[in-house]
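All remarks here apply to the structure that follows.
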Amino acid sequence: IKIGEITSLVVNDGGWCQATHQSLLAAMKELGIPEDNLKVVENVAEDQTSVINAYNALASEGVNLIIGASSGYATFLSDLAATNPDIVIAQQGDQVPNLIGYQIRNYEGMFLAGYACAIMSENDKLGFAGSMSEASVRAAINGFALGAKYANPNAKVQLVWANSWYDVDIETQSAKTLINQGIKYMGMEASSPAIPQTCQDNDAFCIGYNVDMKDLAPDAVLFSYLWNFTPIYKDIIDSVVNGTAD
């Protein structure tokens, strides 16, 4: 089997793309599939032309499965799924013919993150630095807020948006905005090191996201929410190999 992967940034971005890529490599290793069987197209923008070009490039490599490693690709890959029945697409989101939809219940982990922050905080103010206003991000924010309320019914979560998946300057400002409002504990849904490092520089604390961010800011990161798609990717690859994918 040959596998294609489309990523919005580079696979060593220290965030989302790295988490999904490492999960895919781990799944391939457990299934005995060589890394050479993986073809990656990086820095693919979330627009129709870019996604179509990436899809066609992977199709020309003879891949049997394409992983769309960004929720922003969902609409475009859903349309492409029917064009080539020999290529199965796996993409976060709803399932359509020839496309396997998958997701992790991120709100469960974020509930625990909000709970922990509310317990640690000496006041009722908590913060959350969001990336893009997208369904899975909003689910994470709601999970964080519910966890905070479970620990402290008076907890209030102040939300700021970066409107970007990765922007060091904007994410730095997001953290500073929250800290300037007297917030010492915050959740995040971002990929760059900016928020943990800004928290460390200002005696604040945060939950790392995507990958283990403890090394980025050891005095600020309480713990990290990690994405591990390995079991899901193993099931998807098995279904493609066995001809049971639908």
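With every protein chain kept in place and ligands, DNA and RNA left out, what is the accessible area per residue of segment 1-113? Probe 1.4 Å, answer in Å².
Accessible surface, normalised per residue, equals 45 Å².
Would you please give the residues with an amide H less than 5 Å from that of residue 225, counting only those at least 5 places away or on a separate chain, with H modeled from the backbone geometry?
Excluding prolines and chain starts, which carry no amide H, the hits are 208, 209, 210.
Determine the share of segment 130-191's accessible area contributed by carbon and sulfur atoms, expressed in whole percent, with a 1.4 angstrom probe.
That share works out to 51 percent.
In whole percent, what relative contact order does segment 61-190 give with Cα contacts below 8 Å and a gap of six or more residues?
Relative contact order of segment 61-190: 23 percent.
Filter the cross-link list 29/214; 2/29; 156/184 down to pairs whose alpha-carbon distance in this structure exceeds 19 Å. Before the final figure, lay out each step's value.
On the way: 29/214 26 Å; 2/29 13 Å; 156/184 13 Å.
Distance filter (> 19 Å) returns 29/214.
Using a 1.4 Å probe, how large is the accessible area of residue 198, given in Å² and rounded to the nearest 10?
In the full protein context, residue 198 sits at about 10 Å².
When the helices in the chain are scored as -39500 (n - 2.57) per DSSP H run of 4 or longer and the sum is shared across all residues, what 222 nm value do you end up with, to the nearest 500 deg cm²/dmol?
Using -39500 (n - 2.57) per qualifying helix, the result is -13000 deg cm²/dmol.
At most 11 other Cβ atoms within 10 Å and a DSSP loop assignment: could you name the GluC sites (Glu not before Pro) in segment 100-188 that fit?
The qualifying sites are 122.
With +1 on each Lys and Arg Cβ and -1 on each Asp and Glu Cβ, and nothing else charged, work out how big the dipole of the chain is about its Cα centre, in Debye to the nearest 20.
640
Kindly sort 172, 75 by accessible area of their heavy atoms, largest first, with the probe set to 1.4 Å.
Sorted descending by solvent-accessible area, the residues read 75, 172.
Apply 1/(1 + (r/R0)^6) to the Cβ-Cβ distance of residue 203 and residue 135, taking R0 = 22 Å, and write down the FRET efficiency to the nearest 0.05.
Once the sixth-power term is evaluated, E becomes 0.05.
Modelled label-to-label distance, residue 214 and residue 45, 7 Å Cα→beta-carbon offset: nm?
4.0
Sequence gap at least 6, Cα distance under 8 Å: using those rules, report the relative contact order of the chain to the nearest whole percent.
Taking the mean separation of contacting Cα pairs over the length of the chain, I get 19 percent.
Suppose a student asked you for the relative contact order of segment 1-100, using Cα pairs under 8 Å spaced at least 6 residues apart; what percent would you report?
On the way: 163 pairs, mean separation 29.9, N = 100.
Relative contact order comes out at 30 percent.
Using a 1.4 Å probe, how large is the accessible area of residue 115, given in Å² and rounded to the nearest 10?
Roll a 1.4 Å probe over it and residue 115 shows about 80 Å².
From the square roots a ≥ b ≥ c of the eigenvalues of the alpha-carbon gyration tensor of segment 28-107, which class results: rounded (a/c under 1.5), prolate (a/b over b/c), or oblate?
Cα axes put segment 28-107 in the rounded bin.
Got a sec? What order do 213, 120 fall in by accessible area at 1.4 Å, biggest, i.e. largest, first?
120, 213
Ranked by accessible surface with a 1.4 Å probe, highest first, in what order do 13, 169 come?
169, 13
The values are calculated or read from the model by the stated rules, or taken from the named source; none is laboratory data. Just so we're clear, the structure is a prediction, and the values are computed from it rather than from any experiment. All Cβ positions, glycine included, derive from the backbone under ideal geometry; neighbour counts span all protein chains shown. Side chains included, ligands, DNA and RNA excluded: accessible areas come from the protein's heavy atoms. Shrake-Rupley method; radii C 1.70, N 1.55, O 1.52, S 1.80 Å.
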